[in-house]
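Each remark here refers to the structure printed beneath this line.
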Amino acid sequence: MKKQTPHKPLPKSVKWLWGIVFAPFALLLLLLLLTAAGLFGRLPSFEELENPKSNLATEILSSDGKVLGTFFVQNRSYVQYDELFPLDSAQLLRLDGYDVPPIIAALVSTEDVRYRGHSGIDLMSLVRVGVKTVLMQNTSQGGGSTITQQLAKNMYFTQEKELQRKVAEVFVAFDLERNYSKNEILELYVNTISYGNGYYCVKDASQGYFGKEPGDMTDYESTLLAGIPNAPSCYAPTVSQELAARRQQQVLDRLVKCGYFTEERALETMAVGSSR
């Protein structure tokens, strides 16, 4: 009868390596469980998700229906998703079987390139946030949030600390994806993000910057507008035209890389800006 060869214990270096690999996942799981238990505060209820609050501006009307003025905390109108489509069909963009308005294509390709394929969370980005924020204590790092997470932050979380908010966003993002279609989430998104200069809706921003309705914007105007939400205090054209143009070029590069724009269309778009 053969003697069984005893298994050699794993070297300490290998154990440490496995520990480093799985530590971020374990920490994120723990944070998710603690958030679900309410340790970091209350999550939005189902009713709140079904009936999201939108801080629309209140209009003062005359007896004949004309707008005399508005008052607001955040100046917001509201635009339906279908109103974003350009009247000129030549401006329509199509990718992965979906017709999309230029402003939506620009935002998705810049902010969340895998938007149509995830259920609210980009796992690799989430792990990166966990490693940088939890292990490296780098709370100033940005990025990693999907469009759905950004929507959750804009609608339900404003004053929370970075780590607390990031973890809570995960739960709300999943709920939003279950309760709304992808187009409905995009509609809510463009109506809640900041475009600088006091604009919190794509309709107000397009009217304020260009004097146009969202569906009337050109490629140049759509890509300029799509670059602002990343850092409105820097990229708004009223703050710095140079920084706005640099950011717009990044948006165009992403549109080309994602297949929405050809190189020729991107060059033509930037040529419009240089001629102004």
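So here's what we get for this one:
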item: Projected label distance in nm at Ser119 and Ser89, using a 7 Å step from Cα toward the beta-carbon; result: 3.8 nm
item: Accessible surface of the range 166-276 [probe 1.4 Å, protein heavy atoms]: carbon and sulfur percent; result: 49 percent
item: For peptides 224-230, 86-92, 240-246, 252-258, sequence by mean Cβ density within 10 Å, most packed first; result: 224-230, 252-258, 240-246, 86-92
item: Full-extension gain in nm, Ala271 to Asn230, via 0.36 nm per residue minus C-alpha separation; result: 12.4 nm
item: Potential extension, Glu242-Glu184 segment - 0.36 nm per residue separation minus Cα distance; result: 17.5 nm
item: Charge dipole magnitude, Cβ of K and R +1, D and E -1 - the range 149-256, Cα centre, debye nearest 20; result: 300 debye
item: Residue-normalised accessible area of the range 153-276, expressed per residue, 1.4 Å probe, Å²; result: 45 Å²
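The values are calculated or read from the model by the stated rules, or taken from the named source; none is laboratory data. Please read all numbers here as calculations on a predicted model, not as lab measurements. Reconstructed Cβ throughout: ideal geometry from the backbone, glycine too, with neighbour counts over all protein chains shown. For the accessible areas, the whole protein counts, side chains as well, though only heavy atoms, and no ligand, DNA or RNA atoms are used. Shrake-Rupley method; radii C 1.70, N 1.55, O 1.52, S 1.80 Å.
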